1. With a point put 7 Å past each Cα toward its Cβ, work out how far E282 is from E310 in nm, to one decimal.
2. So which trypsin sites (Lys or Arg not before Pro) in the stretch 100-199 end up in coil per DSSP with only 16 or fewer other C-beta atoms within 10 Å?
3. Once phi is turned into θ = phi - 60°, what whole-Hz ³J(HN,Hα) does the Karplus curve with 6.51, -1.76 and 1.60 give for every residue of the stretch 70-85, x standing for Gly and Pro?
4. What is the sum of charges around Q237, taking Lys and Arg as +1, Asp and Glu as -1, for the other residues whose C-beta is under 13 Å from the C-beta of Q237?
5. What is the mean projected area of the alpha carbon convex hull for the stretch 174-324, to one decimal in square nanometres?
6. How large is the convex hull of the C-alpha atoms of the stretch 197-253 per residue, in Å³?
7. For q values of 0.18, 0.26, 0.29 Å⁻¹, compute log₁₀ I(q)/I(0) with the Debye formula on a Cα-only model of the stretch 91-149, without solvent.
8. Taking θ as phi - 60°, what are the ³J(HN,Hα) couplings along the stretch 273-288 by the Karplus curve (6.51, -1.76, 1.60), each to the nearest whole Hz, with x for Gly and Pro?
Amino acid sequence: MSRRGNTVRVGVLALVALLAASCGSPGKPVDPAPVSNAAWPQPAHVGGPDTSAGGGSDTSCNPLASLAPSNGTSIPDGSTMAKIKERGKLIAGVDQTTYLFGFRNPTSGDIEGFDIDMVNAIARAIFGSPEGRVQFRAITSGQREEVLKKHEVDIVVRTYSITCARKKEVQFSSVYYVAGQRLLVTKESKAGKLADLSGKKVCAAKKSTSAAKIATDPAKLVPVSVDNWSDCLVMLQQGQVDAVSTDDTILAGMAAQDPTLQVVGDQFTQENYGIGVPKDNEDMVRYVNAVLENIRNSGAWQDSYRRWVEPRLGPASPPSPQYQ
């Protein structure tokens, strides 16, 4: 037999021996290595109690009283609005993570929602059409005062509750929407109010009035603060927190995205949304208030509300403005 034949014969015998061994006793089984419970990764910048929004503890002003609107929406030379028109863009600080109010449409890539309709109405008044005339800047709740004080944006329209503490830092338009803080829990949860969550983790966005309420409530909750409301939604879905607490407008958007969640309990705060404007741009405040008057009176407010909010929270009317 040739050397090649010997090599083939040895290989065949080795294969037979291997097959015979595999058909014999399986031997002593080996236990797999133990696997510990895997933990969900937390979103970036998760924190604890946050009372930096000031909440409603500052009663040094009437937070709802804004500057009287300008006489129509004509644009005087040299005004803040004239500078915006010359620039060619209205720069607006908005949310892109709050479904129904300010969110990025996954199909079109556009930012849409009730708050975005307010921005577009202001751009329409300045330019005649909002198309291509708005530069949206996505910001977190904690950045709202900062971008206005630094004049990085012309307006902030981001479910922005008016408080006296905030009015010391920035200007606000008249109230364009009234919300109220409630709870979002899983449908398996028994919680219906804050007192039911004593010792439990409750999530809110940093520097929000909601976070301040959670941190100071006598129910002794365990506050969890995050950059964006979408982070709270993910943490609730993953069981890292027991509830999310903020304005019912924001919670309604979360519940719309996940049928295993529900908004529960009565409103336990009143949140009056205003459009934020840099402190020294009083002419812009008056102009925005004139635009809001047109929105209320023309039916545009109602049209936007019916499209975005009414299917989740029921009928409502635009709030009546108060002026200084």
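1. 3.9
2. Filter output for the stretch 100-199: K150, K168, K187, K190, K193.
3. Taking θ as phi minus 60°, the curve returns 5, 7, x, 10, 5, 10, x, 4, x, 7, 4, 5, 5, 5, 5, 5 Hz for the stretch 70-85.
4. Combined, the nearby Lys, Arg, Asp and Glu give -3.
5. Mean shadow area of the hull around the Cα atoms is 9.9 nm².
6. 69
7. These q points yield log10 I(q)/I(0) values of -0.62, -1.12, -1.23.
8. Each residue of the stretch 273-288 in turn: 7, x, 8, x, 9, x, 4, 8, 9, 5, 5, 5, 4, 5, 5, 4 Hz.
The values are calculated or read from the model by the stated rules, or taken from the named source; none is laboratory data. If you're wondering where the values come from, they're calculated on a predicted model, not measured in any experiment. Note that each Cβ is placed from the backbone with ideal geometry, even for glycine, and that neighbours are counted across all protein chains shown. Heads up: the accessible areas ignore ligands, DNA and RNA and are worked out on the full protein's heavy atoms, side chains in. Shrake-Rupley method; radii C 1.70, N 1.55, O 1.52, S 1.80 Å.
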